[in-house]
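Undergrad: Let me give you the structure first, and then I'll get to my questions.
The values are calculated or read from the model by the stated rules, or taken from the named source; none is laboratory data. Because the structure is predicted, anything quoted here is derived from the model rather than measured. Methodologically, a virtual Cβ is constructed for each residue, glycine included, from the backbone with ideal geometry; neighbour enumeration extends over all protein chains shown. Heads up: the accessible areas ignore ligands, DNA and RNA and are worked out on the full protein's heavy atoms, side chains in. Shrake-Rupley method; radii C 1.70, N 1.55, O 1.52, S 1.80 Å.
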Amino acid sequence: MGVDFIQFSLTPILIGVLASVACALPGNFLILRQQALLGDAVSHVVFPGIVMGFLVSGTVSATPMVMGAISAAIIAVVCIEIIKRFGRIDPGAAMGITFSSLFASGVIALEQSDTTTVHLDVEHALMGNLESLIWYEANGWHSLIEPASLAQLPHELNRLALVCIIILVLLFIFWRPLKISTFDEYFARTTGLPTITISLCLTMISTISAVTAFDAVGCIIVIAMFICPPATARLITNRLYFQVWWSVGFASLSAVLGYILAGYGPLWLGVENSVSAAGMIATISGFILGLACLFGQYRARTNCS
Amino acid sequence: MLINVALNLTARDERAMNNYNRSKSALTVLDLTVSYSGKTALFSVDANFPIESMSAIIGPNGAGKSSFLKAVLNITPSLSGKVKIFDMSLKQAREHIAYVPQRTSIDWDFPASVLDVVKMGLYRELGLFGWLTTAHLKAAYEALDRVGMANLANRQIGQLSGGQQQRVFLARALIQNAKLYLLDEPFAGVDAATERIMIDVLKELKTNCKSIICVHHDLATVRSYFDHVFFINIEKVAEGPTASTFTPENLRTTYGERLAATHIEQLHPDASVITA
C-alpha cells in the first residue's frame, strides 16, 4: 500500500465507486417506477452520441461528447415515439429496436473514422477505461494534500463527484415529492404535486448520471448499477430510506471488490494477466444480488393478492 | 395526442352554471368530455353533487365512472369541461379535497410501512421540509385507529390484505382533513368487515358536514349507503336523491335492458309488474 496504490489504484477505485453510486441512486426510483431499463437504454443511446460528438469536434473532450449524447437521447425518444405510433409496436419493443440500431450505427460510424490516435473504440464504450484513469502526479499519500497534485486528478473523478453531490442534494430536497409520486401518482397529482415534471427531472438526472458514468467506466457498469444495487437493497429492507442507503453501500462494495478482484484475483490464482475491472465490478454486483435473492430478509415479502 | 381545450363559457352556460344551487353544491361539473386515444370515455357530462351528503356514481363497466373522477381532479386531461368545487376552481379547492384512488392502481410492493403511507397525507401541510411533530404522528395513529389499523402501523404494506390496503388509503384521506372525499371503487374486492368499518367512517364524515362521492358498483347497497345517485354511461343518464332517482327506469337506461333485468329483480320484488 504505497506509492503504487495511490498512483494506479486509488483513482480508478474512487471513480468506480462514484460512477456506481451515481447510477444506483436514481436507479432506486427507476426500479420502483418500473423504468429499470432506462439506464440500459440511455447508455446504449449515448454511445453513437459520443461518437458523433467526437467526429464533429475531433477531440475527446467532455463538452462535445455530452452535447452529442444529449442530442442522441432526444433523437432516440423521437424515434421510439415514431415507431410506436406508425409501426404499431409495443413500447418495449420500440425501445429495443431504437437502442440496438442506434448503438450499431455508432459502431459503424466509429469503424469508418480514424480513431487510432485517441482512446475511443467499441471495447472502450462497453468496458470503459477504468484501469487507465490513473493519477500520474501522485507520488505518495502526501499527494492527497498537495494542491498541485490534486489539480491533476483525472477529470472524470471530479465530474462524477460533482454529479453524486448534485444527486444527493436533490434527493434530500425533493425526497417527499419523489417518494409520494413514485408510490401513488394519482394521489400525488391531487395533492398538487407536478408529477410529470418530477418524472421528467428523474429521467434527466438518470441521463446525466448515465452519460457521466459512461464516459468514465463504459456502459456495462452503468447498466448493472442502475439495477443491481437497488434491487439488492430492496431485498434487504422494507423502507425506502434504508433501501437508498443500502444501495449506495452495495454499489460501493461492488466497485471496490470488483476492482480488487479484477486486478489481483487472477494473480492469486497464479495467472499473470488481470481481467477487465468494469466487467468484474458488474459481475460482482450481480453476484451480490444473487446472494440477496437467496438469503435476503424480505425476498418473499408479498402475499400475492 | 390529447389537447387540453380551454372551454369558453357562453352566457347561456354561465347561466346554467348559476342555476345549480351553488351554496348547496360540493362539486359542479359542466360539459365534461374526455377521450382516450380517439375513444370517447365521457361525453358532455353535467353533474351536480350536493354538499354534506353521500353520493354514488353508478354505471356499467367502461361507463367512465373512474375517468369522471380523474378528469374532475385533472389527473387525466379532458377535452372540455368546467369544474367547480365548493364554488372554487380545482386549484383553489385542492386543500379541501381528499382522493382515494383504486387500490389496484398502485404497486403495493413499494418499500413503505402502513404509517409511511398515512404520513403521505400530511404532505400538503408539511411541504418539502416541514417537521413531523408528535401531534402529526398522533393524528396519523388516530386516523389508523378509526379504520381499525393502528395495530398494523409498522407493517409493510405488501403484507396487507386487500381490505386492509383499502383502509390504509382511507386513513391517508382522513388525515388530510378535507371537506370533499372522492373515492374510486372503495368497496371493490374488500371483505365484509372492511366494508362495515369504511361505511361507518364515511357516514360519520357526513355527520361531520363532509361531502362524499364514491364510484360504486354494488347496486344492492346503494339505497342503504347513499342519499344521492348519479347514473352515467359515457353520457349522464340521471341524477338526484336516491329515493326518487334510483328507479328501474334509470337502471334500465344506464345498464341496458338485459343487464338491468337481473339487477332490478334483486332490488324490486315487484319488478315484473313494472317491466310488464
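Undergrad: Could I have the simple spin-label model distance between A:ARG85 and A:LEU267, label points 7 Å from Cα toward Cβ, reported in nm to one decimal?
TA: 5.7 nm
Undergrad: Another question, then. Select from A:THR203, A:THR190, A:THR232 the residue whose mean-square fluctuation is largest in a Gaussian network model of chain A (Cα-Cα springs shorter than 10 Å).
TA: Looking only at A:THR203, A:THR190, A:THR232, the biggest GNM fluctuation is shown by A:THR190.
Undergrad: Tell me, which residues of the stretch A:182-206 get at least 30 Å² less accessible area when the other protein chains come in, versus the chain alone (1.4 Å probe)?
TA: Output list: A:PHE183, A:ASP184, A:TYR186, A:PHE187, A:ARG189, A:THR190, A:THR191.
Undergrad: Before rounding to the nearest 500, sum -39500 (n - 2.57) across all DSSP H runs of length at least 4 in chain A and divide by the residue total; then give [θ] at 222 nm in deg cm²/dmol.
TA: Working: 13 runs with 223 residues, N = 305.
Helices in chain A give a 222 nm mean residue ellipticity of -24500 deg cm²/dmol.
Undergrad: Can you tell me how chain B classifies by the Cα gyration tensor, rounded, prolate or oblate, using a/c under 1.5 as the rounded cut?
TA: Note, shape of chain B comes out oblate.
Undergrad: Full-extension gain between B:ALA261 and B:ALA243, please, as 0.36 nm times their residue separation minus the C-alpha to C-alpha distance.
TA: 4.5 nm
Undergrad: Okay, next question. Just going by the charge dipole of the stretch A:3-214, with Lys and Arg at +1 and Asp and Glu at -1 on Cβ, which of A:SER143, A:LEU38, A:PHE103 is farthest out on the positive end?
TA: The listed residue farthest towards the positive side: A:LEU38.
Undergrad: Report the FRET efficiency, 1/(1 + (r/R0)^6), for B:CYS209 and B:ALA188, where r is their Cβ-Cβ distance and R0 is 30 Å, rounded to 0.05.
TA: E between B:CYS209 and B:ALA188, to the nearest 0.05, is 0.65.
Undergrad: Work out the FRET efficiency for B:ARG223 and B:SER161 from their Cβ-Cβ distance, taking R0 = 25 Å, and round it to the nearest 0.05.
TA: 0.35
Undergrad: Please pull out the direction-averaged projected area of the stretch B:106-211, using the convex hull of its alpha-carbon atoms, in nm² to one decimal place.
TA: Averaged projected hull area, Cα only: 6.7 nm².
Undergrad: Could you list the residues of the stretch A:91-111 with an amide nitrogen less than 12 Å from a label point located 7 Å from the Cα of A:SER132 in the Cα-to-C-beta direction?
TA: Of the residues in the stretch A:91-111, none has backbone N under 12 Å from the label point off A:SER132.
Undergrad: Once you place label points 7 Å from the Cα toward the Cβ at B:LYS24 and B:THR133, how far apart are they in nm?
TA: 4.0 nm
Undergrad: R0 = 45 Å: FRET efficiency of A:VAL78 with B:ALA150, Cβ-based, nearest 0.05?
TA: Details: r = 51 Å, r/R0 = 1.14.
Computed FRET efficiency for A:VAL78 and B:ALA150: 0.30.
Undergrad: Any idea what the dipole of chain A comes to, in debye rounded to 20, about its Cα centre with Lys/Arg Cβ at +1 and Asp/Glu Cβ at -1?
TA: My answer is approximately 1460 debye.
Undergrad: Please report the buried accessible area for the interface of A with B, total over both chains, probe 1.4 Å, in Å² to the nearest 100.
TA: 3100 Å²
Undergrad: So if each residue of separation counts as 0.36 nm, and I subtract the Cα-Cα distance between B:ASN177 and B:MET88, what length gain in nm does that give?
TA: 30.3 nm
Undergrad: Then there is this: Kindly give the semi-axes, whole Å and largest first, of the ellipsoid equivalent to the protein assembly as shown, taking each as the square root of 5 times a Cα gyration tensor eigenvalue.
TA: For the protein assembly as shown, the semi-axes come out at 55, 27, 21 Å.
Undergrad: Could you list which residues have their amide H under 5 Å from that of B:LEU183, counting only those 5 or more apart in sequence or on another chain, with H placed in the peptide plane?
TA: B:VAL100, B:ILE213, B:CYS214, B:VAL215
Undergrad: Then there's this: Taking θ = phi - 60°, what integer Hz values does the Karplus form 6.51 cos²θ - 1.76 cosθ + 1.60 yield along the stretch B:99-115, in sequence order, with x for Gly and Pro?
TA: Going residue by residue, I get 10, 10, x, 5, 4, 7, 7, 10, 8, 7, 7, 4, x, 8, 8, 3, 5 Hz, with x marking Gly and Pro.
Undergrad: Leaving out ligands, DNA and RNA, what percent of the accessible area of chain A is carbon and sulfur, probe 1.4 Å?
TA: 70 percent
Undergrad: Are there any residues in the stretch B:109-146 with a reduction of at least 30 Å² in accessible surface when going from the isolated chain to the assembly of protein chains? Probe 1.4 Å, please list them by number.
TA: B:ASP109, B:PHE110, B:PRO111, B:ASP116, B:MET120, B:TYR123, B:ARG124, B:LEU128, B:PHE129
Undergrad: Where nothing but the Cβ of Lys and Arg (+1) and of Asp and Glu (-1) is charged, how large is the charge dipole of the protein assembly as shown around its Cα centre, in debye to the nearest 20? If you can, show how the numbers build up before the last one.
TA: On the way: 40 positive and 43 negative charges, 368 e Å.
The dipole of the protein assembly as shown has a size of about 1760 debye.
Undergrad: Compute the signed sum of charges (Lys and Arg +1, Asp and Glu -1) over the other residues within less than 13 Å, Cβ to Cβ, of B:LEU79.
TA: +1
Undergrad: Hey, another quick one. Would you mind telling me the share, in percent, of accessible area of chain B contributed by carbon and sulfur at probe 1.4 angstrom?
TA: Accessible surface attributable to carbon and sulfur in chain B totals 51 percent.
Undergrad: Right, next: Where both partners of a DSSP beta bridge lie in the stretch B:11-245, what percent of those bridges are antiparallel, to the nearest 5?
TA: Looking only at bridges with both residues in the stretch B:11-245, the antiparallel portion is about 55 percent.
Undergrad: State which entries of B:LYS24/B:LYS82; B:LYS210/B:LYS236; A:LYS179/B:LYS65; B:LYS24/B:LYS236; B:LYS206/B:LYS236 exceed 22 angstrom in Cα-Cα distance in the structure shown. Kindly include the intermediate steps, with their values, before the conclusion.
TA: Working: B:LYS24/B:LYS82 18 Å; B:LYS210/B:LYS236 24 Å; A:LYS179/B:LYS65 28 Å; B:LYS24/B:LYS236 20 Å; B:LYS206/B:LYS236 25 Å.
Listed pairs above 22 Å: B:LYS210/B:LYS236; A:LYS179/B:LYS65; B:LYS206/B:LYS236.
Undergrad: Which lysines have a Cα lying under 23 Å from the Cα of A:LYS84, excluding residues fewer than 8 positions away in the same chain?
TA: Once the sequence-local lysines are set aside, what remains near A:LYS84 is B:LYS39.
Undergrad: What's the magnitude of the charge dipole for the stretch B:11-245 around its Cα centre, counting Lys and Arg as +1 and Asp and Glu as -1 at the beta-carbon? Answer in Debye, nearest 20.
TA: Working: 26 positive and 23 negative charges, 78 e Å.
Here the size comes out at about 380 debye.
Undergrad: Hey, what's the stretch B:11-245 come to in accessible area per residue, 1.4 Å probe, Å²?
TA: Working: 9190 Å² over 235 residues.
Per-residue value: 39 Å².
Undergrad: If you don't mind, there's one more thing I want to ask. Given a cut-off of 31 Å, what percent of all Cα-Cα pairs of the stretch A:3-214 lie beyond it?
TA: Value for the stretch A:3-214 (Cα pairs over 31 Å): 29 percent.
Undergrad: Shifting gears a bit: Given only helices, namely DSSP H runs of n ≥ 4 each adding -39500 (n - 2.57), what is the per-residue ellipticity at 222 nm of chain B, to the nearest 500 deg cm²/dmol? Display every interim value, and only then the final one.
TA: Details: 13 runs with 106 residues, N = 276.
When only DSSP H runs of four or more count, the value is -10500 deg cm²/dmol.
Undergrad: Any idea what angle helix B:162-174 forms with the longest principal axis of chain B, computed on alpha-carbon atoms, 0 to 90 degrees, nearest 10?
TA: Taking Cα atoms only, the helix is inclined about 80 degrees.
Undergrad: Could you work out the local net charge near A:ALA255, counting Lys and Arg as +1, Asp and Glu as -1, over the other residues with Cβ closer than 15 Å to its Cβ?
TA: Local charge sum for A:ALA255: -2.
Undergrad: For A:GLN34 and A:CYS201 in one chain, what is 0.36 nm times their gap in residues minus the Cα-Cα distance, to one decimal in nm?
TA: Full extension of this stretch gives 58.5 nm more.
Undergrad: Over chain A, with the other protein chains present, what is the accessible area per residue in square angstrom, probe 1.4 angstrom?
TA: Per residue, chain A has an accessible area of 47 Å².
Undergrad: Same structure again: Treat each spin label as a single point 7 Å out from the Cα along the C-beta direction, and report the A:PHE242 to A:ASN158 distance in nm.
TA: 4.0 nm
Undergrad: Considering the options A:VAL17, A:LEU170, A:PRO154, tell which one lies farthest towards the positive end of the dipole of the stretch A:3-214, charges being +1 on Lys and Arg and -1 on Asp and Glu at the Cβ, about the Cα centre.
TA: With unit charges placed on the Cβ atoms, the residue in question is A:LEU170.
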